[in-house]
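The values are calculated or read from the model by the stated rules, or taken from the named source; none is laboratory data. Not measured: the values here are computed from a predicted model. Heads up, the Cβs are rebuilt from the backbone with ideal geometry, glycines too, and the neighbour counts pull from every protein chain shown.
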Amino acid sequence: MLKEEISIVPFDMKYLDDYYNGFNAEITKYQWPDPFRHVEDARALLLEFLSEMQAGETLLYSVLSKEGAFLGSVEVHGLSEDCPELGVWIIKSEQNKGYAYDALNAVLNYVCSNYHKTEFYYEADIRNIGSMKLLQKFGDKYEIIKKELEEVVTESGKDLKLQGHILKLKLQT
């Protein structure tokens, strides 16, 4: 159930500039991708995601305020796989308000019901406190299975300490 303050809607290119501007160095500090160099780079990636969405492989949603302002994105990639990958980000000024949890929870419920998925992959840098706290909020509904820590250096030189997790839906009794 979403808070009244937000809604999630299929991504629309009218949010391109908001996505491009929001997905900045602060947001990507602990992520594999870097901020987009140009708005056209963002357009190309988002069009690719939308194409994958049309093919039934990806879900890409915008998180919007009740006034319709773009707050971030929630994504599910690899819907044809047994364990699709999750992604969520909220613009810096709107973090720590529960929006990431609400958006991700709504999308998880949707994918469980409509795609009959019971396992999901969630990866975050262990230094990203917000992402790690977000993961723990799902502990009541999902068994959280920690994978091996992976220390990597990206092409742009970021040192990441990525911890993958499997969220396995607990049987409801």
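Before moving on, here are some points about what is shown:
- Selection of first residues in the range 114-133 that are at negative phi and of second residues that are of a type in the set (Asp, Glu), restricted to Cβ pairs under 7 Å at least 6 apart or on distinct chains, gives the following pairs, ordered by first then second residue: Glu119/Asp82; Tyr121/Glu85.
- Selection within the range 97-124: residues that are within 20 Å of Cys83 (Cβ to Cβ) and among the charged types (D, E, K, R). The member of this set that is surrounded by the fewest Cβ atoms within 10 Å (Cβ to Cβ) is Glu119.
- Residues in the range 160-173 that are of a type outside the set (A, V, I, L, M) and in a loop (DSSP other than H, G, I, E, B): Lys170, Gln172, Thr173.
- Scanning the range 136-167 for residues that are in contact with an Asp or Glu (Cβ under 7 Å, 6 or more places away or on another chain) and either farther than 19 Å from Pro84 by Cβ or surrounded by fewer than 14 Cβ atoms within 10 Å (Cβ to Cβ) (or both) yields Val153, Ser156, Leu160, Lys161.
- Cβ-Cβ contacts under 8 Å between residues 6 or more apart (or on different chains), taken from a first residue in the range 152-171 that is closer than 18 Å to Ser131 by Cα and of a type in the set (A, V, I, L, M, F, W, C) to a second residue that is modelled with pLDDT under 95 and exposed (fewer than 13 other Cβ atoms within 10 Å of the Cβ), are absent.
- So Glu57, is it within 16 Å of the chain's Cα centre (by Cα), at pLDDT 95 or above and more than 19 Å from Ala103 (Cβ to Cβ): yes
- Qualifying residue in the range 27-37 (condition: farther than 23 Å from Val152 by Cβ, over 13 Å from the mean Cα position of the chain (by Cα) and surrounded by fewer than 17 Cβ atoms within 10 Å (Cβ to Cβ)): no
- Sole residue being surrounded by fewer than 21 Cβ atoms within 10 Å (Cβ to Cβ) and either among the hydroxyl-bearing types (Ser, Thr, Tyr) or under 20 Å from Asn114 (Cα atoms) (or both), chosen from Glu81, Glu48: Glu81
- Residue list for the range 13-45, restricted to those being closer than 14 Å to Val74 by Cβ and either assigned to a loop (DSSP other than H, G, I, E, B) or touching a helix residue (DSSP H, G or I) at 6+ places or on another chain (Cβ under 7 Å) (or both): Tyr19, Phe23, Ile27
- Qualifying residue in the range 85-101 (condition: more than 26 Å from Glu26 (Cα to Cα), of a type outside the set (Phe, Trp, Tyr) and either touching a Lys or Arg at 6+ places or on another chain (Cβ under 8 Å) or touching a residue at least 60 places away in the same chain (Cβ under 8 Å) (or both)): no
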